[in-house]
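> Once you've had a glance at the structure underneath, I'll fire off some questions.
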Amino acid sequence: MFRYSHAAANHPYSDDDDVLNEVEVNGNWTPQEKALHEARLKAKAKRRLRKSSSRNSTSESFSESGEVVGGDPHSPKGKVNTNDRKSRTGKGRGLPKKGGAGGKGVWGAAGMVYEDEEPDIHDPNYDESSQGDTVYETVVPEIDEKELEKMVNPIVQEYFEHGDTKEVQMLLKELNLGQHKYEFSSLAVSLSLEGKASHRELTSRLLSDLSGKMLSQSEMGRAFDKMLKELPDLILDTPDAPQMLGQFIARAIADHVLPMSFLDCYKGKVDCEHARVALDRAAVLLSMKREMVRLDNVWGVGGGLRPVKHLIKEMNLLLKEYLISGDVSEAEHCLRDLEVPHFHHELVYEAVVMVLESKGDTATHMMMKLLQSFWKTGLITVDQMNRGFQRVYDELPEISLDVPHAHSIMETFVDLCYQESVITKQLRDACPSR
């Protein structure tokens, strides 16, 4: 039992540990009392340590002068220096956090070198567009078979007007024809069958330019094979389709668009009569032109692509045949096939010169009838008619050297044409006289 002095009685509310420090203890303690006394001393030391740790963590412990313990003297009263990297828990060795690599605005410890890390595709924040240089491509959807004809027809029709194969290649590159690419050739040939000879010549040149660049020989062969199968339908609109397709095949083989063995693949394997006609036509043309590298004249040379001398020769032949046969419709058909409306004044000039060089009135009346027919059908315009007669007026002095009566014959023919409304009054009055 403890023996308390009078001082302990005067402090009934004091702490037991404080009383023990002030009370004078009897030296005759039992071992149990001594052990209990030591335990209380240890508990008191722990309580003091916990109180000191609590004051440091909240920075609320004040000195006797009222200043904050451990605070920055320049900081406001009651605030804590947050830049202090020492532990405030009362534990640890007082070293900086994370070895000096932590804290706001710190990217790591001094001297640390970071290596480039590959982005993880499974990362929720992974952004594919921000990885390196992003390349954007325009994806053109593949054209289906129904839309193919609508897209190709305007391209081919425009090509018949300008004749520029490079522009066609550029337009085709913008389209994604896909597996239907070979059908462009068959559509172009089908459209040319309904057109003029010059259109077929342009189509053959187009196939030659596209071969090897955009279309292979196998794709060209596939296109012509499709055409051979569609001949029963094509012949309804174009009766001469088998012969024309045969000429296309012959020209394509000569231009190396189709392989030389293309015809051999069909020997004894064709049941369609129209297809046999086309293949036979191609075989005959190739056998006749075996020594020629190209069948350039298989369609003739249309329009302004022909030399002027050749056109003059063709028109002379046309007029001579007309004087023999007297067939106006055949002459009109031949003139249209030449496809040179800008050069029709040459026909008028040659017709008038033949009248001046002819003997008798037969040629005069036949030529007047021919020019009258061309004028009424609109085949020869008033401008072309005037230019033809004016050329004869200008060269009449030279013509009269070979034809002495050229002036009188010319006046008679001009009056006859004016009476039949072939020429205008102004053109008749412009006729020179001797």
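> Tell me which residues, restricted to segment 164-180, are open to solvent by less than 100 Å² (accessible area, probe 1.4 Å) and either farther than 20 Å from Gly212 by Cα or at pLDDT 85 or above (or both).
Asp164, Thr165, Glu167, Val168, Gln169, Leu171, Leu172
> Now a separate question. Being open to solvent by 20 Å² or more (accessible area, probe 1.4 Å) and within 22 Å of Asp402 (Cα to Cα) is true for just one of Glu321, Glu339, Glu357, Glu346. Which residue is that?
Being open to solvent by 20 Å² or more (accessible area, probe 1.4 Å) and within 22 Å of Asp402 (Cα to Cα) holds for just one of Glu321, Glu339, Glu357, Glu346, which is Glu357.
> List the number of the failed condition for Ile380; all other conditions in (1) over 24 Å from Ser198 (Cα atoms); (2) assigned to a loop (DSSP other than H, G, I, E, B); (3) modelled with pLDDT of 90 or more hold.
Looking at each condition in turn, Ile380 falls short on (1).
> OK, next. Return a yes/no flag: does segment 283-294 have any residue that is at pLDDT 85 or above and either open to solvent by 80 Å² or more (accessible area, probe 1.4 Å) or not hydroxyl-bearing (Ser, Thr, Tyr) (or both).
Within segment 283-294 (the criterion being at pLDDT 85 or above and either open to solvent by 80 Å² or more (accessible area, probe 1.4 Å) or not hydroxyl-bearing (Ser, Thr, Tyr) (or both)), the answer is yes, since at least one residue qualifies.
> Condition check: open to solvent by less than 60 Å² (accessible area, probe 1.4 Å), at pLDDT below 90, of a type outside the set (Ser, Thr, Tyr) and in a helix (DSSP H, G or I). Does Leu279 satisfy that? So that I can check it myself, show each step before the final result.
Working: open to solvent by less than 60 Å² (accessible area, probe 1.4 Å): yes; at pLDDT below 90: no; of a type outside the set (Ser, Thr, Tyr): yes; in a helix (DSSP H, G or I): yes.
No: the conditions fail for Leu279.
> Can you list residue pairs whose Cβ atoms sit under 9 Å apart, with the first residue in segment 166-178 being over 13 Å from Ile143 (Cβ atoms) and the second being of a type in the set (Lys, Arg)? Count only pairs 6 or more apart in sequence or on different chains.
Final answer for the pair search is Gln169/Lys213.
> May I ask you to list the residues in segment 219-272 that are among the hydroxyl-bearing types (Ser, Thr, Tyr), open to solvent by less than 50 Å² (accessible area, probe 1.4 Å) and without any contact (Cβ under 8 Å) to a residue 40 or more places away in the chain?
The initial filter retains those residues of segment 219-272 that are among the hydroxyl-bearing types (Ser, Thr, Tyr), namely 238, 261, 266.
Then drop every residue that is not open to solvent by less than 50 Å² (accessible area, probe 1.4 Å), which leaves 238, 266.
Tyr266 - this is the single residue of segment 219-272 that is among the hydroxyl-bearing types (Ser, Thr, Tyr), open to solvent by less than 50 Å² (accessible area, probe 1.4 Å) and without any contact (Cβ under 8 Å) to a residue 40 or more places away in the chain.
> Filter the helices (runs of 4 or more DSSP H) completely within segment 110-215 down to those with at least 3 residues that are touching a Gly at 6+ places or on another chain (Cβ under 9 Å) and not β-branched (Val, Ile, Thr). Can you show your working first?
Numbers: elements: 145-162, 165-173, 183-193, 197-210.
Fully inside segment 110-215 and qualifying: 197-210.
> Tally time: how many residues in segment 382-418 are under 21 Å from Ile312 (Cα atoms) and open to solvent by less than 10 Å² (accessible area, probe 1.4 Å)?
Count: 5.
> Within segment 57-65, can one find any residue that is modelled with pLDDT under 70, of a type in the set (Gly, Ala, Ser) and either part of a helix (DSSP H, G or I) or assigned by the TED database to the domain that holds Glu183 (or both)?
Yes: one or more hits.
The values are calculated or read from the model by the stated rules, or taken from the named source; none is laboratory data. No experiment lies behind these values; they were computed from the predicted model shown. For neighbour counting, all protein chains shown are included, and Cβ atoms are generated from backbone atoms with ideal geometry for every residue, glycine included. These accessible areas exclude ligands, DNA and RNA; they are computed on the full protein's heavy atoms, side chains included. Shrake-Rupley method; radii C 1.70, N 1.55, O 1.52, S 1.80 Å.
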